[in-house]
Amino acid sequence: MVKEKKEKLFIDLQNVYKEADNALMQKFDRSLSFQDSMFDRWERAKRLGFSEGVSIYNSSLVYGNVKIDKKTWVGPYTILDGSGGGITIGQYCSISAGVHIYTHDTVMWALSGGYKKRKIAPVIVGNNTYIGSKSIITLGVTLGSRCLVGAGSLVNKSFSDNTIILGTPAKKVGKVRVDKNDEIILEYD
């Protein structure tokens, strides 16, 4: 009896997912994983206490103290680990797929056989900042407003406003400028 109920439930879930996936394909030309297509990203953001208009995929992991300001987009498969010192992300930011932000590390703890404590420090991301996919932001980093972090970067130090950042470890490679007509200009060194 239980086996039959599980099989029926599984088939029902598959059918619901197929319907949701087809609707996404028709409306947005995209197909998402089960968890990301079945749950509302904006509702999850509200449940987590984030500001108005924040969107966070269900596949994203959130730990500890994380604050996100309005209209920020958090892509799928991100890790926002504020368990060490808290994460604050400004408004109108784009945190791309697979980005990891950590407020602690356990390197010295592991290397010392548990003798040393883990390091902790907050991470702050300013307004209007773009973090490219699969980038890692480590503890204690502050990114100013209107920064651009290239995909796959390891950001282990802070950068001021309007900085283009790229690499492992990340370095300043340019500047973001806004002209008198509000056009965004990327100036590379």
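Overview of results
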read-out	value
Residues of region 156-169 classified as free of Cβ contacts under 8 Å to residues at least 24 places away in the same chain and assigned to a strand (DSSP E or B), total	5
Those residues of region 175-189 which are part of a strand (DSSP E or B) and either of a type in the set (S, T, N, Q) or surrounded by 16 or more Cβ atoms within 10 Å (Cβ to Cβ) (or both), in sequence order	Lys175, Val176
Failed condition for Leu143, given (1) crowded, with 19+ Cβ neighbours inside 10 Å; (2) touching a His at 6+ places or on another chain (Cβ under 6 Å)	(2)
Residue among Ser145, Ser153 that is within 21 Å of Val54 (Cα to Cα) and of a type in the set (Ser, Thr, Tyr)	Ser145
Test: residue in region 56-73 that is assigned to a loop (DSSP other than H, G, I, E, B), among the hydrophobic types (A, V, I, L, M, F, W, C) and modelled with pLDDT of 95 or more	no
Among (1) in contact with a Leu (Cβ under 8 Å, 6 or more places away or on another chain); (2) modelled with pLDDT of 90 or more; (3) not β-branched (Val, Ile, Thr); (4) not assigned by TED's automatic domain parsing to the domain that holds Lys119, the one test that Asp81 misses	(4)
Residue match in region 115-132 (condition: more than 30 Å from Ser37 (Cβ to Cβ) and touching a Pro at 6+ places or on another chain (Cβ under 8 Å))	no
Filtered residue count, region 107-128, keeping only those that are surrounded by 14 or more Cβ atoms within 10 Å (Cβ to Cβ) and either of a type in the set (Val, Ile, Thr) or in contact (Cβ under 8 Å) with a residue 12 or more places away in the chain (or both)	11
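The values are calculated or read from the model by the stated rules, or taken from the named source; none is laboratory data. Computed from a predicted structure; not experimentally measured. Please note: Cβ atoms are built from the backbone with ideal geometry, for glycine as well, and neighbour counts cover all protein chains shown.
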